[in-house]
Amino acid sequence: MSEFKIEGPELKKMIKLARKGPLPFAFNPGKNESEHYLAMHRKRSAEILGKAAKKEGMGAKVAFGMCVVEEKLMSLTCERAVPALARLLKKFLKANKVSLNVRVLDADGNVLDEDIEDLPTDPSQQDEGTRAVIKGGDAAGLVTRIKAAQPRVATAPAPFSKKLKSALDGVVAQVKAQDFAAADQGMVRIEAALDKLRAEQGTATEAAGAGDSSDLVARIKVAQPLLKQAPDQVADKLNQALADVVQKIKRGELEPARTTMGQIEAALAKISGTSASEEAAEISAQQPENADLAALITRLKALQLRIAKMPEVTAEKLQKALLGVAASIKKKDATAAETGLSRIEAALDKLAGTDTAQAAAKPEQDPRVAKILADVDAVRKNVNALPPGDVQSSLITQLDQIQNNLSGGEIKAAVSGLDKVRDALKLQAAIDRVMPNFVAAISAGKVADPNKLSILFNTAVELVPGPDHAKAWNQLKLAEEMIAAGATLEETAQHSEIPSDVQPFAISRLNWNKTRGVLKLEIEKLQSAILKFCSGNNDLKEVGDRVGNLTGYIEKLDARLEDKLDEIVNSKEGEQREAAKKQARSLVNEYQNELNAPFFKDVDQGNGFANVAVASTSRAALGEIDKVLAA
């Protein structure tokens, strides 16, 4: 047996030593893993090991230098290298049950070759905490739904917001406990409740356009938040009655509508206690002789109608303040009632974008407002047509802020904000136009620096919501210039030796290797976005810690295709090559079927965290390789 050749247990021993510091190595590749010759030694020089490897090994070429191992990566700094050293050595290590990536460097530290993928951790080296890590897919899916529900819960009417927040906290706890079935059921209930609330918001709006029914519309708006506090069985019946009121109003049957509305209000009074208007009516009946209090009651009733026209969240707070005023009137405390009414009136005037001294100059009367609102509605349709995700969510928030600006009379801010949203939509359209060329360039290796191109393009994507659109346009322009340049891969010494009739297969092998590297980067980008979101939310921090490694989803898009393409390159023309091509196409078909899995359908733009190019890059690369194999 050779003095320096290592394999099996001896190889694993030397790997442990290489983790502590560099060791000399030499490698002589044979025809297969059993013929490969690897030498490592603590005292002998790399040159001596190289001479021994060349003399004792089966191959004609030898690589030697220094080897060091860090984490899951073996780095080889070579005095002399051989073609495909990274791939050949990695396969040799795997045959000896050593799972490491391999990177080959020259004496100056430049990367000559590498074979890097996401490798599983040796189970024997995992602690209990690591084995307890939950599957990324289960946690990530639930985190996405929790994230989508949070803003809807926050803007729900106060009584429901509190209950829904408590329910959402319960779901978070279930995810932490890895009880995904219970967490899913909880989210289904929360989402159904939120959808029901959204449907109810249109009830009063439907009634507003029918006949002289302003008093009924106001009463409906007052009743709605109270209905949501009623027990479920009662609330269902009262909601049906309220829907009947709306239909009566639309048919012009106003008196029957008022009768039904009175019955609804009576039922609500028994459930939720006396309303501010009822308090006022009671006080008015009891104290007709007090002129000051009567005037206060008149103001209270007027405010009741104004409050009914406000959004529910705002209206509920003002209703509580109005009940306080009614209590002051009942106690005959005119001073406290006056103070409370003045504060409520000032708050309403502020919300309306005016004060009592400038009532004639309300922003609603500005002729520009109607046009801007129409423009906002038109732009909102385009925003709603975007794929669900961070971009769409951010632009919807910006449009809502524009409407708030208009309500406050901030015309200039509204116009500026609308221009920014329009520019964001133009930028997104440009990105959508460039996307196919970007994916093709990345997957087919048509650029000299895929990582740089990916950074430029993804930066533009991330800046679509703003604020720096100038930078986004510049990054996108640079990305387009790189794609247009169409830099070709430089031929390596190994490539130049490949016959012209099999060069397309060799190029396809390099492209698939590069594609798998891009997929890993994109998956890591998505995982980083999920962890960043979770780390910013105390309730989800532990969930983020347990998301695990999402690269498991691309494990099946493995290196088998590279190996089969290598086999084609090295095979003789005829039946042997055709058989290898058929097997390679079978692998391409297997990978394409894998891309039909649910994860890949939504991962690029529907994941709710970050826009990535995982499925699109894979499909484009496999499509190009299939064309080569079919030729």
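The values are calculated or read from the model by the stated rules, or taken from the named source; none is laboratory data. Please read all numbers here as calculations on a predicted model, not as lab measurements. Using ideal geometry, Cβ is built from the backbone for each residue, glycine included, and neighbour counts are taken over all protein chains shown. For accessibility, only protein heavy atoms count, side chains too; no ligands or nucleic acids. Shrake-Rupley method; radii C 1.70, N 1.55, O 1.52, S 1.80 Å.
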Next item on the list: Exactly one condition in (1) at pLDDT 65 or above; (2) part of a helix (DSSP H, G or I) is not met by residue 178; state its number.
Entry: (2)
Checklist line | Qualifying residues in the range 137-163 (those that are open to solvent by less than 20 Å² (accessible area, probe 1.4 Å) and among the small types (Gly, Ala, Ser)) - the one modelled with the highest pLDDT | finding: 149
Next item on the list: Hey, can you tell me all the residues within the range 373-417 that are touching a helix residue (DSSP H, G or I) at 6+ places or on another chain (Cβ under 6 Å) and open to solvent by 70 Å² or more (accessible area, probe 1.4 Å)?
Entry: 382
Check: Do any residues in the range 460-472 that are on the phi > 0 side of the Ramachandran plot have Cβ atoms under 7 Å from those of residues that are open to solvent by 30 Å² or more (accessible area, probe 1.4 Å), where the two are at least six apart or on different chains, and which pairs are they?
Finding: 466/420
Note to self: Condition first: modelled with pLDDT under 80 and either in a helix (DSSP H, G or I) or surrounded by 18 or more Cβ atoms within 10 Å (Cβ to Cβ) (or both). Can you find one or more residues in the range 584-602 that meet it?
What the structure shows: yes
Next item on the list: State yes or no: is residue 559 at pLDDT 80 or above, out of contact with any helix residue (DSSP H, G or I) (no Cβ under 7 Å at 6 or more places or on another chain) and within 30 Å of residue 146 (Cβ to Cβ)?
Entry: no
Next item on the list: Hey, can you tell me all the residues within the range 469-512 that are acidic (Asp, Glu) and either modelled with pLDDT under 75 or not in a helix (DSSP H, G or I) (or both)?
Entry: 490, 491, 497
Margin query: Would you confirm, using the coordinates I've provided, whether residue 431 is open to solvent by less than 30 Å² (accessible area, probe 1.4 Å), hydrophobic (A, V, I, L, M, F, W, C), within 30 Å of residue 601 (Cβ to Cβ) and at pLDDT 80 or above?
Written below: yes
Notebook entry, point to check: Checking residue 134 against (1) open to solvent by less than 20 Å² (accessible area, probe 1.4 Å); (2) modelled with pLDDT under 65; (3) in a helix (DSSP H, G or I), which single condition isn't satisfied?
Noted result: (3)
Margin query: If I ask for residues that are in a loop (DSSP other than H, G, I, E, B) and either open to solvent by less than 50 Å² (accessible area, probe 1.4 Å) or among the hydrophobic types (A, V, I, L, M, F, W, C) (or both), which ones from the range 1-24 would you list?
Written below: 1, 2, 4, 6, 21
Check: Does the range 270-289 include one or more residues that are at pLDDT 70 or above and either among the charged types (D, E, K, R) or in a loop (DSSP other than H, G, I, E, B) (or both)?
Finding: no
Margin query: Six or more apart or on different chains, Cβ atoms under 6 Å: show the pairs whose first residue is in the range 141-156 and closer than 23 Å to residue 603 by Cα and whose second is part of a helix (DSSP H, G or I) and of a type in the set (Gly, Ala, Ser).
Written below: 142/183
Check: Could you count how many residues in the range 17-56 are in contact (Cβ under 8 Å) with a residue 40 or more places away in the chain and more than 47 Å from the chain's Cα centre (by Cα)?
Finding: 5
Notebook entry, point to check: Could you count how many residues in the range 39-78 are touching a helix residue (DSSP H, G or I) at 6+ places or on another chain (Cβ under 6 Å) and more than 19 Å from residue 96 (Cα to Cα)?
Noted result: 4
